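The values are calculated or read from the model by the stated rules, or taken from the named source; none is laboratory data. Since we're looking at a predicted model, the values are computed, not measured. Cβ coordinates were reconstructed from backbone atoms using ideal geometry, including for glycine residues, and neighbour counts include every protein chain displayed. Side chains included, ligands, DNA and RNA excluded: accessible areas come from the protein's heavy atoms. Shrake-Rupley method; radii C 1.70, N 1.55, O 1.52, S 1.80 Å.
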There are 4 protein chains.
Amino acid sequence: MSTVEKRHSDPERAQTRRQQVLDAAETCFRRSGFHGASMAEISKAAGMSAGHIYNYFDSKDAIIAAFVEQNVERVTAIMRNLEQQEDPLQAIVDDTARSVREHLERDTWALPLEISAEAARNPTIAAVVRDADARSRGQLRAMLKTARERHHLPVDDFALDGLVELVITLYQGLGVRVVHHPDLDAEALIARFRATLKALLFS
Amino acid sequence: MSTVEKRHSDPERAQTRRQQVLDAAETCFRRSGFHGASMAEISKAAGMSAGHIYNYFDSKDAIIAAFVEQNVERVTAIMRNLEQQEDPLQAIVDDTARSVREHLERDTWALPLEISAEAARNPTIAAVVRDADARSRGQLRAMLKTARERHHLPVDDFALDGLVELVITLYQGLGVRVVHHPDLDAEALIARFRATLKALLFS
Amino acid sequence: MSTVEKRHSDPERAQTRRQQVLDAAETCFRRSGFHGASMAEISKAAGMSAGHIYNYFDSKDAIIAAFVEQNVERVTAIMRNLEQQEDPLQAIVDDTARSVREHLERDTWALPLEISAEAARNPTIAAVVRDADARSRGQLRAMLKTARERHHLPVDDFALDGLVELVITLYQGLGVRVVHHPDLDAEALIARFRATLKALLFS
Amino acid sequence: MSTVEKRHSDPERAQTRRQQVLDAAETCFRRSGFHGASMAEISKAAGMSAGHIYNYFDSKDAIIAAFVEQNVERVTAIMRNLEQQEDPLQAIVDDTARSVREHLERDTWALPLEISAEAARNPTIAAVVRDADARSRGQLRAMLKTARERHHLPVDDFALDGLVELVITLYQGLGVRVVHHPDLDAEALIARFRATLKALLFS
DNA sequence: CATGAATGAGCTTTCATTCAT
DNA sequence: CATGAATGAAAGCTCATTCAT
């Protein structure tokens with residue numbers, strides 16, 4: 001899934017410039033969506049000319065793809081961080097409040113929704129998104145397996161798969177939920193969310 | 001929800017034509033997204049000239065809004081059907097397999113995602129979506145309250161709110177899930193989904 | 001310059017319908033200009049369907065032409081009325097106040113301006129307008145000649161031509177004037193206008 | 001009057017391009033009128049793409065406004081030139097022949113008519129036109145006042161106002177006159193025009 | 001006679017992309 | 001490396017006109 005980068009005489013500087021564009025794109029995509037954001041808008045936010053952006057990206061679609069790629073990396077980072085915890089499952093439960101609240105911030109999840117919607121239609125984006133998802137759920141699955149073995153709980157592939165899917169479903173549902181009901185009672189949801197996670201992960 | 005319709009000499013025929021446009025729009029929106037679909041594309045799919053569509057809708061945005069409105073009505077219909085069941089909670093649990101499978105069909109949920117993404121940015125769409133959500137969760141909440149009272153279980157507003165949100169979150173998460181992992185093991189997920197629902201609804 | 005009329009089984013009714021359209025057109029043309037007024041707008045104002053208008057007029061241009069023709073007739077009527085006065089020249093001078101004030105009413109002259117502008121560009125309209133102008137200035141010239149002979153003033157073709165042109169120029173200038181300076185002091189203008197007319201006509 | 005210009009890296013070149021568009025617009029407006037001229041037509045005449053014109057003007061209306069603004073400036077220039085004459089009133093009378101002949105050239109006054117007609121309906125254009133008119137008649141009034149004082153003639157505000165309006169009416173009437181009677185005897189009109197001006201200005 | 005549904009051409013405007021400088 | 005002038009295609013939308021009913 002690695003984006004082919006153009007050759008530049010100073011690759012380091014080029015990398016900075018690319019990042020500049022992607023950061024600008026984030027602002028614009030959030031404000032106007034992938035298709036509503038114009039190259040002119042992005043170039044102004046990036047502090048460089050529209051023409052110049054084409055020295056770093058082949059097309060607007062390439063920017064979207066790179067942007068998505070960068071965003072799915074964030075999930076990967078979260079998972080990696082989780083893996084390094086002493087007891088990852090406990091960490092998940094302990095972190096519920098903060099984590100749910102973060103998912104419920106509107107600014108956090110407008111873009112992931114945009115990404116999912118785009119992935120539902122655009123095969124390139126779908127590939128990026130699915131690849132990242134595969135890695136994440138692999139990590140979660142491994143964590144679950146290890147933990148259950150340590151806790152002397154039964155480990156069964158079928159049950160494990162369902163568990164992984166359900167946990168991710170819960171988190172991904174939050175992004176939709178907050179759009180449909182931005183004023184929901186976060187505390188009430190968190191309480192129930194934590195209880196459900198606990199039941200799922202430790203039984 | 002307040003869609004003003006233009007006056008037509010033959011309202012029945014006009015209604016058919018409007019529906020024709022909305023059906024065509026569905027095809028195009030699914031293929032290209034709200035903003036990727038052009039009026040020309042829609043008009044071709046609807047079998048009428050682009051200009052003529054404007055005799056039934058004020059603008060492309062009005063088509064999107066009407067389309068969204070029609071789609072949220074589907075959820076309302078599901079809820080209404082549920083309310084008429086002898087034991088709605090039991091019906092939910094009993095129906096898990098079919099219901100989850102339906103949510104996992106790709107064609108079912110590409111558009112809801114598009115709708116949610118649009119609602120995250122477009123206030124008109126957000127209003128439609130939130131209104132529908134309010135009605136749906138009101139119905140679910142009432143059903144839960146009634147059922148718990150009947151089962152002599154404790155009824156607590158805070159807990160009820162969290163429960164409602166969590167259940168809806170689960171279902172809404174499925175739409176995202178299937179985009180990120182279209183090949184997931186439906187059986188495994190269903191099993192876990194049903195168990196979770198049972199625990200949530202009956203305790 | 002006679003407009004060819006379509007054959008109708010009931011010519012009288014047809015004439016009424018045509019007039020209905022022209023009256024509606026006046027309203028719309030005044031509001032939106034010849035090119036800004038749409039057939040839909042006109043048809044609504046005329047109380048008949050857009051399609052039906054085409055039974056009475058070949059095209060929108062034909063409506064404009066007929067409308068212009070009808071409007072130039074108004075000037076002809078004024079001249080005819082003037083001719084029947086005992087002393088037409090004196091009548092002109094006596095009528096200055098009323099006449100100038102009428103020309104200064106904005107609603108009176110928005111359309112003549114539109115007509116003149118159109119005539120500057122559209123040969124069909126130009127022909128209508130020029131024909132009417134020829135008739136009007138012929139009448140004015142004849143009146144002047146007769147009156148001067150009666151008053152035993154010298155009659156000289158060259159001087160007469162200049163006089164006719166200048167008098168008409170004065171009146172036509174008013175239509176432009178009021179657009180450029182709608183708040184002008186009408187009384188001051190009228191006083192000077194009358195004095196000038198008197199000097200021109202009686203010396 | 002307040003035309004905001006977009007920022008360009010080479011303002012000189014931009015100014016040239018703007019003028020190119022305005023010159024092209026003149027051709028097209030004359031041929032087809034403000035509303036009959038299409039952006040495609042203008043862009044072809046200007047030798048640049050329609051899209052590019054929008055780098056210099058916000059909209060077609062902005063082109064019309066800029067065009068009008070530029071045209072009213074011509075009158076201002078004439079007045080300024082007149083003010084610098086030793087005896088402006090005498091200069092007006094001496095210049096009658098040339099001046100009237102210029103007003104009678106068809107190409108000179110097709111567009112002013114279009115402008116007046118537009119001003120009768122479009123508030124933006126009306127404002128531009130009225131502002132220019134206010135300046136012009138202010139200058140004429142001042143010239144008249146000064147000259148009369150110098151000639152020891154009575155100066156009376158009411159009479160002055162009427163005089164200013166009448167003189168301008170005469171000149172503005174010429175633009176309409178030539179459309180309605182393009183073959184008029186210019187010499188005859190000029191003779192009478194000059195005599196009338198003389199009587200008005202020097203008594 | 002009368003309607004208004006329907007068309008298709010053409011409108012203004014936007015925008016991703018290219019390229020001379 | 002960097003610009004932004006310039007293009008051309010396509011967008012949403014309007015409207016004069018036609019025609020089946």
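Observations, loosely collected:
- Axis-nearest residue in chain D [Cβ, rotation onto A], distance in whole Å: D:G51, 4
- Using a probe radius of 1.4 angstrom, the carbon and sulfur fraction of the accessible surface of the protein assembly as shown is 52%.
- Using a 1.4 angstrom probe on protein heavy atoms only, the contact between A and B buries about 4300 square angstrom of accessible area, both sides summed.
- Scaling against 2.2 N^0.38 Å puts the C-alpha radius of gyration of region B:1-58 at 1.12.
- Residues of region D:77-121 buried by at least 30 Å² on assembly (accessible area, 1.4 Å probe, chain alone as reference): D:R106, D:L113, D:E114, D:S116, D:A117, D:A120, D:R121
- Peptide A:192-201 has a mean shielding of 4, counted as Cβ atoms of other protein chains within 10 Å of each residue's Cβ.
- Contact residues in region D:141-166 (at least 10 Å² less accessible area with all protein chains than alone, 1.4 Å probe): D:F158, D:A159, D:D161, D:G162, D:L163, D:E165, D:L166.
- Max mean-square fluctuation residue, GNM over chain C, Cα-Cα springs under 10 Å, options C:I125, C:I168, C:I78: C:I78
- The phi-based Karplus calculation (6.51 cos²θ - 1.76 cosθ + 1.60; θ = phi - 60°) puts the 3J(HN,Hα) values of region C:184-193 at 4, 6, 4, 4, 4, 5, 4, 4, 5, 4 Hz, whole numbers, x for Gly and Pro.
- Ranked by the mean number of other Cβ atoms within 10 Å of their residues, highest first, the peptides A:107-117, A:92-102 fall in the order A:107-117, A:92-102.
- Comparing region B:117-192 with the 2.2 N^0.38 Å rule of thumb, its C-alpha radius of gyration ratio is 1.39 (two decimals).
- Per-residue shielding of B:35-45, expressed as the average number of other chain Cβ atoms within 10 Å of the residue Cβ, stands at 1.
- Under the simplified labelling scheme, the B:E83-D:A127 pair shows an inter-label distance of 5.4 nm, with each label point 7 Å from Cα along Cα→Cβ.
- Note that chain B carries a Kirkwood radius of 18.9 Å, evaluated over its alpha carbons pair by pair.
- For A:V93, the shell of other residues with beta-carbons less than 11 Å away shows a net charge of -1, using +1 for Lys and Arg and -1 for Asp and Glu.
- Between copies, B:R31 shows label-point distances of 3.3, 3.9, 4.0 nm, shortest first, with the point placed 7 angstrom from Cα along Cα to C-beta.
- Per-residue HN-Hα couplings for region D:166-179 [Karplus 6.51, -1.76, 1.60; θ = phi - 60°; Hz; x = Gly/Pro]: 5, 4, 5, 4, 4, 5, 5, x, 4, x, 6, 3, 5, 6
- Largest GNM mean-square fluctuation across D:E149, D:E41, D:E73, computed for chain D with C-alpha springs under 10 Å, falls on D:E149.
- Average beta carbon contacts from partner chains per residue of C:128-136, 10 Å cutoff: 2
- A point 7 Å from Cα along Cα→Cβ stands in for C:E73, and the other copies hold the same point at 4.6, 5.3, 8.0 nm, listed in rising order.
- Counting lysine pairs in chain A that sit 8 or more residues apart in sequence, or on different chains, and whose Cα atoms lie under 24 Å apart gives 4.
- Whether the protein assembly as shown is rounded, prolate or oblate, judged on the alpha carbon gyration tensor where a/c under 1.5 counts as rounded: prolate
- In the assembly of identical copies, B:D95 has its label point, taken 7 Å from Cα in the direction of the beta carbon, separated from the corresponding points by 3.6, 8.4, 8.8 nm (ascending, one decimal).
- Each helix, a run of at least 4 DSSP H residues, gives -39500 (n - 2.57); summed and divided by the residues of chain D, these come to -26000 deg cm²/dmol at 222 nm.
- The Cα atoms of region D:20-111 give a gyration tensor whose axes a ≥ b ≥ c have a/c of 1.5 or more with a/b greater than b/c, which makes the shape prolate.
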